[in-house]
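Here the structure comes first, spelled out in structure tokens, and everything after it is commentary.
The values are calculated or read from the model by the stated rules, or taken from the named source; none is laboratory data. As the structure is a computational prediction, the values presented were derived from the model and not from experiment. Positions of Cβ are backbone-derived with ideal geometry, glycine not excepted, and every protein chain shown enters the neighbour counts. Surface areas here come from the heavy atoms of the whole protein model, side chains and all, with no ligands, DNA or RNA. Shrake-Rupley method; radii C 1.70, N 1.55, O 1.52, S 1.80 Å.
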Amino acid sequence: MSKKLVENISLWQLAVLMFTFEIGSVAVVGVGTDTKQDAWIAVGVATVLGAGLVWFYVYLLQQLPGRNLFEMITFCFGKWLGKIIGLLYVYYFLYISARVLRDFCELITSVIFESTPIEVISITMVGICAYMLYLGLEVFGRTGEVFIPYVFTFIILIGLAILFSGEFELKNLLPILGDGFGPILKHVFPRLLTFPFGELVTFMVIIPYVSHFAKAAKVSVFTVLVSGFIIIYGTLIEIASLGARQMERTVFPLLSAAREISLLEFIERVDLIIVFVVMFGIITKVSVFLYGGLKGLEHIMNVPYRYMVFPISMIIGYIAIQISANNAEHIEEGIRFIPLYMHIPFQIIFPILMAPLLIWKVKKQKRRSDANGSR
Amino acid sequence: MGLADFLFNRRKHKNNNKITAEELFQQENISKKYYKSLEKNKKQIQELFQHSFDFTIDPIKLGDTDACVCYLGTMLSKDTLTNKVLNSLHPHNDHPRHKDISSIRDNYFPTVSYEYADTFHKVVWNVLNGYAVIMVDGQGKALSLEIGNVEKRAITEPSTQTIIRGPKEAFTEDINTNISLIRKRIRNPHLKFESFYVGRDTKTQLVIGYMSSITNADILEEVKKRIEKIDIGGVLDSGNIEELISDKSFTPFPLIFNTERPDSICGHIMEGKVALILDGSPFVLTVPSVLTDFFESSEDYYQPFLMSSFIRLIRYISFMIALVLPSLYVALSTFHQELMPTQLLLSIQAQREGVPFPAVIEIFVMELTFEIMREAGVRMPRAVGQTVSIVGALVIGQAAVEAGLVSNVLVIIVAFTAIASFVSPIYNFSISTRLLRFILILFSAIFGLYGVLLFLIVMVIHLVSLRSIGIPYLAAVAPFDIKEQDDIFVRFPIWANRKRPSYLYPESPMKKKGKHIPSPPPAKGGGK
């Protein structure tokens with residue numbers, strides 16, 4: 001059993017991973033804050049576009065069933081160019097994984113453990129991810145299944161608790177579309193589309209291992225829509241409880257919203273509990289990116305990825321601290337540079353470049369095998 | 001089943017190459033040959049059993065032929081031996097002269113169950129099993145007569161898994177009694193019991209019981225394979241077997257279910273599991289087991305379903321309490337005071353004012369004290385039990401608080417944790433929480449709530465990676481199966497529960513065909 005090389009996850013596990021992946025760092029840093037009270041509309045638009053993007057990714061995978069992103073790249077671009085592009089993807093995945101990790105480290109060190117060195121959080125978190133990935137994709141999927149009820153319930157409960165605390169001001173949502181559609185569209189592309197939806201490009205490494213591959217497209221699109229809906233819900237809560245201006249200024253919007261909760265004079269300061277709920281989302285996200293990078297390295301170097309789990313993850317833990325000097329720099333990078341120089345090329349340009357090449361090559365291969373078959 | 005093939009690498013059943021007890025003797029350098037000459041046989045067996053006071057050879061004469069009866073006096077009832085065997089062989093009995101061993105049996109012992117032993121190994125084995133073996137000069141085989149009737153414990157109420165409603169019988173140390181307890185409940189020819197012998201020195205009988213019509217063939221195959229692989233000097237309890245055949249040893253969680261309740265074992269067998277019954281152990285194992293099995297008591301099925309669902313949820317909650325409550329206290333009182341309501345925080349702090357230790361030391365010491373008391377409570381002679389409980393409760397509990405060594409809240413927490421840990425119906429499982437609790441306290445002392453969560457996530461990752469005979473340990477939860485949820489955290493009414501657990505890949509997946517919902521008879525013509 002343990003000898004088998006290919007591990008499978010079920011459709012439900014895929015959906016669970018995608019869902020937690022989507023809401024993982026969104027729950028930490030929040031989205032669409034630039035569009036003020038219309039953030040939820042922006043998220044809605046981005047969700048629809050994101051679902052389309054994910055459908056496109058799965059469509060690409062369906063051309064070559066059973067092969068993951070890296071194998072596909074090699075197929076399209078040949079051995080050496082394929083390796084170079086694959087290495088770029090590895091770099092991208094590992095870097096983003098370090099960024100996500102940093103998001104969480106900042107959250108913990110600024111909200112809970114003010115005097116704890118950031119390294120401690122970073123190493124322990126990445127250690128968990130490494131342990132999970134070492135045990136394999138199946139274990140990863142199942143772990144997601146165990147935690148999804150808690151993540152889901154808590155996200156829903158935050159909204160209800162805010163509502164019952166009387167902090168839910170629908171007035172804050174007005175005026176709807178005060179500045180017209182322009183700013184929203186500008187915000188949706190590139191920022192909202194690429195984060196969190198475009199990041200699902202990593203799942204091109206995982207989706208091929210789903211046991212019912214034929215249904216993967218439907219499930220992925222549906223999951224993206226559901227998670228988009230939950231993100232809209234979260235954004236609505238943030239706007240309604242904080243107001244657009246305060247939301248713009250706060251670093252961790254959902255957390256600030258949760259601070260407003262006060263029930264029965266007993267349930268207070270639940271923001272801490274929120275932190276621990278998003279922790280699992282972050283673990284999923286870091287692990288998915290890490291898995292993407294490791295699988296890429298496995299493909300490039302022909303070494304089972306399990307050998308590289310611990311060294312690479314420790315490097316991630318280190319990079320997460322080194323990528324920026326402080327939180328402000330980290331966020332500024334995330335807003336200004338990352339979408340433009342990392343997300344757009346890897347999430348959109350490369351796949352679009354690859355699409356015609358892939359379709360052409362698959363057709364050629366088919367024709368050849370047909371010719372062989374008829375001979 | 002496609003997946004089952006995949007999991008178990010389906011292999012057709014080989015002619016089972018299990019080692020019989022007779023072959024085991026060969027490894028011990030006991031000669032196999034049974035001679036025709038009585039003298040040689042006698043010498044051989046006397047040499048083997050020398051220095052054993054209970055080994056007896058009674059020489060007898062069958063007409064003018066020499067013969068002897070040999071047996072272990074402690075392994076059979078002497079009354080039966082005299083009545084059934086020795087009397088009918090008595091020379092005063094007037095009998096025709098039989099020389100042939102089968103005619104001896106036909107004429108002298110027509111009603112005693114018997115076996116022919118044509119090798120010396122078989123003779124030795126039969127003697128060891130409490131047979132009386134009759135060896136006749138000039139015959140190529142010996143006659144072994146089953147006498148049996150060694151003293152054994154009566155069937156009593158279970159001592160570790162008590163229930164309020166339901167059958168009160170428990171397994172005993174005698175394997176035949178145990179099997180009969182199962183047979184009595186499942187009257188079905190498909191209920192099979194296959195016998196194995198384990199332990200080089202002890203040669204203990206291990207019987208696997210299963211329903212051939214239900215149990216998945218691959219699971220059965222895997223179980224047999226693991227039993228055949230057992231190579232050890234001796235096994236004394238099913239606990240040894242558990243450790244020898246489980247998938248992984250480095251885990252605090254029990255991967256194999258054990259119980260002393262026949263009804264519970266029958267329930268498991270009917271679901272498609274395999275029971276392992278070891279001679280001399282009142283605890284019967286079932287494999288494969290999943291985590292949720294350890295939260296199910298057989299009483300759940302005898303009580304109304306709403307009530308048992310509630311109780312089952314209580315068990316899960318108390319498992320969590322037993323696991324995390326002390327560490328939560330440490331985390332909250334050391335790191336996250338703001339999470340506590342102000343009034344509660346004030347009262348806790350007021351109590352802790354005079355306590356000289358940090359919370360983690362305090363709770364560590366108290367938990368350790370409790371563990372010591374628990375262990376003492378299990379081992380000490382019954383007669384001093386009262387004393388220890390008084391000393392424990394009064395001195396450690398009350399006096400420690402009054403002396404200002406520990407705070408009141410802490411005693412409440414330790415006591416509550418302890419009680420919660422006893423809720424688990426299977427004792428094995430509650431032990432695992434004991435061990436984990438200490439590590440968890442350490443984590444929470446270092447990292448606070450973050451540490452608690454860190455540990456819980458690692459624990460869950462570990463749990464989902466476990467397997468029991470190849471079946472995921474968290475089956476039906478992860479991998480999630482919505483159709484199995486009728487008997488996991490809650491129990492649906494019995495008529496609604498129509499499927500056997502699909503994670504066991506049973507050969508016949510349905511328990512029953514139709515869906516009968518109990519309802520009052522249809523009203524006739526507009527009531528009264």
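Need one value for B:452-462: mean number of C-beta atoms belonging to other chains within 10 Å of its residues' C-beta atoms.
Mean partner-chain Cβ count within 10 Å for B:452-462: 6.
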Across B:224/B:248; B:184/B:248; A:83/A:366; B:61/B:203; B:32/B:192, pairs whose alpha-carbon gap is larger than 27 Å: B:184/B:248; B:61/B:203; B:32/B:192
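Take the alpha carbon gyration tensor of the range B:151-210, find the square roots of its eigenvalues, order them as a ≥ b ≥ c, and report rounded if a/c is under 1.5; if not, report prolate when a/b exceeds b/c, else oblate.
Because a/c hits 1.5 or more and a/b fails to exceed b/c, the range B:151-210 counts as oblate.
So, with a 1.4 angstrom probe, what is the percent of accessible area on the range B:43-141 that is carbon and sulfur?
Carbon and sulfur: 47 percent of the exposed surface of the range B:43-141.
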Anisotropy class of chain B from Cα gyration tensor, a/c 1.5 cut: prolate
Efficiency of FRET from Cβ geometry, residue B:184 and residue B:515, R₀ 41 Å, rounded to 0.05: 0.90
Accessible area in square angstrom per residue, chain B, 1.4 angstrom probe: 48
Residue B:495 versus residue A:310: modelled label distance in nm, points set 7 Å from Cα along the beta carbon direction: 5.8
In nm, spacing of pseudo-spin labels at residue B:77 and residue A:157 (7 Å Cα→C-beta vector): 6.3
Full-stretch length increase - residue B:415, residue B:118 - with 0.36 nm per residue and alpha-carbon distance subtracted: 100.5 nm
Net length gained if the chain between residue B:153 and residue B:372 were fully extended (0.36 nm per residue, minus Cα distance): 75.7 nm
With every protein chain in place, the range B:305-472: carbon and sulfur % of accessible area (1.4 Å): 76
Interface burial for B against A (accessible surface, 1.4 Å probe, total of both chains, Å², rounded to 100): 2700
Cross-link reach list, aspartates and glutamates versus residue B:33, counting only Cα pairs under 14 Å and skipping chain neighbours closer than eight places: B:22, B:23, B:118
Contour minus Cα-Cα distance for residue A:349 and residue A:226 (0.36 nm per residue): 41.7 nm
Residue pairs, from the table A:285/A:361; A:36/A:186; B:84/B:152; B:84/B:141, whose Cα atoms sit over 24 Å apart: A:285/A:361
Label-to-label distance, nm, for residues given as residue B:111 and residue B:174 (7 Å Cα→Cβ offset): 2.0
The range A:325-375 versus the range A:71-141: alpha-carbon centroid distance in Å: 19
Whole-percent carbon and sulfur share, accessible surface of the range A:69-114, 1.4 Å: 68
Accessible area in square angstrom per residue, chain A, 1.4 angstrom probe: 42
Qualifying chymotrypsin sites (Phe, Trp or Tyr not before Pro) for the range A:242-286 [loop in DSSP, other Cβ within 10 Å: at most 14]: A:266
In degrees, nearest ten, helix A:309-322 long axis to first principal axis of chain A (Cα): 40
Angle between chain A longest axis and helix A:216-242 axis [Cα atoms, degrees, rounded to 10]: 20
Threshold 40 Å² - residues in the range A:130-149 whose accessible area is reduced by that much or more when the chain is no longer isolated, probe 1.4 Å: A:131, A:142, A:145, A:146, A:147
Angle between chain B longest axis and helix B:342-352 axis [Cα atoms, degrees, rounded to 10]: 60
Calculated FRET value between residue A:368 and residue A:91, using beta carbons and R₀ = 35 Å, to 0.05: 0.55
Under 15 Å from residue A:79, Cα to Cα: aspartates and glutamates that are on another chain or at least 8 residues apart: A:71, A:298
FRET efficiency, 1/(1 + (r/R0)^6) with R0 60 Å, evaluated for residue B:343 and residue B:244 via beta carbons: 0.65
Net charge of neighbours whose Cβ lies under 12 Å from the Cβ of residue A:326, counting Lys and Arg as +1 and Asp and Glu as -1: -3
